[in-house]
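**Q** Below are the structure tokens for one structure; questions will follow.
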Amino acid sequence: MSVVTRSACRLKHVPLCRKRYFHNSAVRLYEPKIERFAQCPPRVFSGIQPTGVPHLGNYLCAIRKWVEMQEQYDSMLVSVVDLHSITVPQDATELRENILVMAACLMACGIDHEKTILFQQSSVSYHTELAWILGCLCTLPRLGRLPQWREKSKTVKDPGIGLFTYPILQTADILLYKANVVPVGEDQIIHLELATDLARAFNRTYGIMFPSPEALIGDVSKVRSLKDPTCKMSKSDVNSMSRIDLTDSADLVQSKIKKSTTDSVSRILTYDPENRPGISNLIDIHSLLTDTKPEDIVHQCKDLNKVQYKERVSEIINETIQPINEKMTRLLNDKHYLHTVLKKGAERASEIADRTMTEVKDLVGLR
Ligand code: TRP
């Protein structure tokens with residue numbers, strides 16, 4: 001079995017602090033005896049919502065890492081988490097299409113469905129079943145403190161319970177497969193803390209069962225908006241010129257980069273994220289795509305003016321995304337094949353989930 005070298009995937013390991021929470025005093029009494037977690041072989045789980053075509057930031061900071069990780073770990077699952085996406089209203093026809101778009105995109109980016117178990121979350125109904133059991137171990141204040149609820153519930157009119165309990169479902173996604181390595185964006189660390197707490201609460205209450213999930217954090221903030229380089233590149237930005245979508249044509253990429261916000265501080269290319277965020281963002285994108293240090297890029301491109309450098313960055317982006325784009329189009333032209341891949345993935349995921357749920361039900365007394 002290959003053991004991961006974390007530096008190899010260039011991800012930061014974040015130790016999760018777990019102090020507070022779980023005020024059930026009956027549970028507390030047992031704490032000293034069962035503080036430890038179950039020992040499980042490394043298994044990776046990550047999820048992505050089917051909310052349209054991913055952008056370059058999603059690719060560089062998440063999907064590409066997963067593609068690297070599938071070579072380094074023996075067991076990996078990637079789920080198109082459709083149940084998470086309905087926490088805010090979705091159009092049924094669009095959602096159905098977006099599930100396939102995301103599956104096609106992940107495969108076009110290099111997720112190998114033979115190696116990695118690629119599946120649609122709702123096809124394995126144990127996710128919601130385990131979420132219920134875990135929800136019974138989680139207090140209201142514990143969820144209410146989570147920043148995503150606090151922020152999102154303000155922007156949605158009459159927010160539903162799903163938006164509130166969503167992190168419990170995320171915990172179930174991970175624990176159902178006893179996954180202990182979870183690559184996520186920085187904004188998700190707090191949800192991983194909840195997953196750790198709930199794994200621990202389950203182990204304390206019913207018996208040792210779940211390993212502690214560890215977050216692997218990618219450099220999400222590295223890829224910034226092309227229009228306002230002080231913010232990260234985002235799907236929800238109303239201005240589509242602010243991001244490069246993986247389905248953008250070569251011409252559109254060129255025009256977005258050409259019109260991207262830079263500065264007139266100097267005619268010479270310099271890397272200075274603080275004072276020259278726009279041009280430095282382009283250098284960061286260039287650097288991530290070519291695995292070259294920003295300083296080396298500046299040196300290589302020192303004779304190019306701004307217009308020429310933007311041309312160069314467009315070419316580099318297109319070299320990566322146009323093959324993805326073409327592969328995605330091919331895959332989406334064969335929906336039957338995509339359905340077959342997802343069905344096979346769900347079967348493989350169900351096999352693992354079934355074993356976990358049998359153990360869970362035995363411990364809880366449901367069987
Ligand atoms: N909540 C994650 C997001 O919005 C997606 C997600 C759902 C996830 N379940 C997961 C990520 C399990 C990692 C592990 O980005």
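The values are calculated or read from the model by the stated rules, or taken from the named source; none is laboratory data. Bear in mind the structure is a predicted one, so any value in this text is a computation, not a measurement. Note that we place each Cβ from the backbone using ideal geometry, even for glycine, and neighbour counts take in every protein chain shown. When the accessible area is computed, the model is the full protein with side chains, heavy atoms only, and any ligands, DNA or RNA have been set aside. Shrake-Rupley method; radii C 1.70, N 1.55, O 1.52, S 1.80 Å.
**Q** Do you know which of the residues in the stretch 354-367 that are in contact (Cβ under 8 Å) with a residue 24 or more places away in the chain and charged (D, E, K, R) is nearest to ILE111 (Cα to Cα)?
**A** Taking the candidates together, the pick is ASP354.
**Q** Pick from the stretch 35-57 the residues that are more than 10 Å from the ligand (Cβ to nearest atom) and of a type in the set (Gly, Ala, Ser): which of them is surrounded by the fewest Cβ atoms within 10 Å (Cβ to Cβ)?
**A** Checked the stretch 35-57; the qualifying residue surrounded by the fewest Cβ atoms within 10 Å (Cβ to Cβ) is ALA38.
**Q** Return the residue satisfying two criteria in turn: it lies in the stretch 218-252 and is part of a loop (DSSP other than H, G, I, E, B) and polar (S, T, N, Q), and of such residues it is least open to solvent (accessible area, probe 1.4 Å).
**A** Once the filter is applied, the top-ranked residue is SER225.
**Q** Give the stretch 165-213 a look and list any residue that's in a helix (DSSP H, G or I) and more than 14 Å from the ligand (Cβ to nearest atom), or say none.
**A** ASP197, ARG200, ALA201, PHE202, ASN203, ARG204, THR205, TYR206, listed by residue number.
**Q** Sticking with this one: Would you check if there is a residue in the stretch 147-158 being within 16 Å of the ligand (Cβ to nearest atom), over 30 Å from HIS286 (Cα atoms) and modelled with pLDDT of 95 or more?
**A** No, there is no match, as no residue in the stretch 147-158 is within 16 Å of the ligand (Cβ to nearest atom), over 30 Å from HIS286 (Cα atoms) and modelled with pLDDT of 95 or more.
**Q** Residues in the stretch 194-217 that are under 19 Å from TRP132 (Cα atoms) and open to solvent by 10 Å² or more (accessible area, probe 1.4 Å): how many?
**A** 6
**Q** How about the stretch 274-306: which of its residues are part of a loop (DSSP other than H, G, I, E, B) and under 21 Å from ARG64 (Cβ atoms)?
**A** Correct list: ASP291, THR292, LYS293.
**Q** Follow-up. Residues of the stretch 234-247 being modelled with pLDDT under 95 and under 21 Å from GLU186 (Cα atoms), which ones?
**A** Across the stretch 234-247, the qualifying residues are SER234, LYS235, SER236, ASP237.
**Q** State whether one or more residues within the stretch 317-339 are open to solvent by 30 Å² or more (accessible area, probe 1.4 Å) and touching a His at 6+ places or on another chain (Cβ under 8 Å).
**A** The answer is no, given that none of the residues of the stretch 317-339 is open to solvent by 30 Å² or more (accessible area, probe 1.4 Å) and touching a His at 6+ places or on another chain (Cβ under 8 Å).
**Q** Need pairs with beta-carbon distance below 7 Å; first residue in contact (Cβ under 8 Å) with a residue 60 or more places away in the chain and open to solvent by 20 Å² or more (accessible area, probe 1.4 Å) and within the stretch 166-193, second of a type in the set (S, T, N, Q) and near the ligand (Cβ under 10 Å from one of its atoms); sequence gap 6+ or separate chains.
**A** Listed pairs, sorted by first residue: TYR166/THR87; VAL184/SER46.
**Q** Report, by residue number, each residue of the stretch 64-97 that is within 16 Å of the chain's Cα centre (by Cα) and not aliphatic (A, V, I, L, M).
**A** Of everything in the stretch 64-97, those that are within 16 Å of the chain's Cα centre (by Cα) and not aliphatic (A, V, I, L, M) turn out to be ARG64, LYS65, TRP66, GLU68, GLN70, SER79, ASP82, HIS84, SER85.
**Q** Hey, does the stretch 76-91 have a residue that's loosely packed, with under 15 Cβ neighbours inside 10 Å and without any contact (Cβ under 8 Å) to a residue 24 or more places away in the chain?
**A** Within the stretch 76-91 (the criterion being loosely packed, with under 15 Cβ neighbours inside 10 Å and without any contact (Cβ under 8 Å) to a residue 24 or more places away in the chain), the answer is yes, since at least one residue qualifies.
**Q** Do we have ILE352 as aliphatic (A, V, I, L, M), within 30 Å of ASP112 (Cβ to Cβ) and in the same structural domain as ALA62 (by TED's automatic domain parsing) here?
**A** Yes.
**Q** Let me ask another. So which pairs qualify, if the first residue must be in the stretch 282-299 and assigned by TED's automatic domain parsing to the domain that holds ILE257 and farther than 15 Å from TYR59 by Cα, the second must be among the aliphatic types (A, V, I, L, M) and not in a helix (DSSP H, G or I), the Cβ gap must be under 6 Å, and the two must be at least 6 apart or on different chains?
**A** Pairs that qualify, where the first residue is assigned by TED's automatic domain parsing to the domain that holds ILE257 and farther than 15 Å from TYR59 by Cα and the partner is among the aliphatic types (A, V, I, L, M) and not in a helix (DSSP H, G or I), are VAL298/LEU269.
Here is a yes/no grid of residues against (1) in a loop (DSSP other than H, G, I, E, B); (2) closer than 29 Å to LEU100 by Cβ; (3) without any contact (Cβ under 8 Å) to a residue 40 or more places away in the chain:
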| position | (1), (2), (3) |
| --- | --- |
| GLN308 | no, no, yes |
| GLU311 | no, no, no |
| GLU315 | no, no, yes |
| ILE321 | no, yes, no |
| ILE324 | no, yes, no |
| MET328 | no, yes, no |
| GLY345 | no, yes, no |
| ALA349 | no, yes, no |
| ILE352 | no, yes, no |
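**Q** Tell me, please, whether a residue that is assigned to a helix (DSSP H, G or I), touching a strand residue (DSSP E or B) at 6+ places or on another chain (Cβ under 9 Å) and assigned by TED's automatic domain parsing to the domain that holds ALA349 can be found in the stretch 129-152.
**A** Taking every residue of the stretch 129-152 in turn, none turns out to be assigned to a helix (DSSP H, G or I), touching a strand residue (DSSP E or B) at 6+ places or on another chain (Cβ under 9 Å) and assigned by TED's automatic domain parsing to the domain that holds ALA349.
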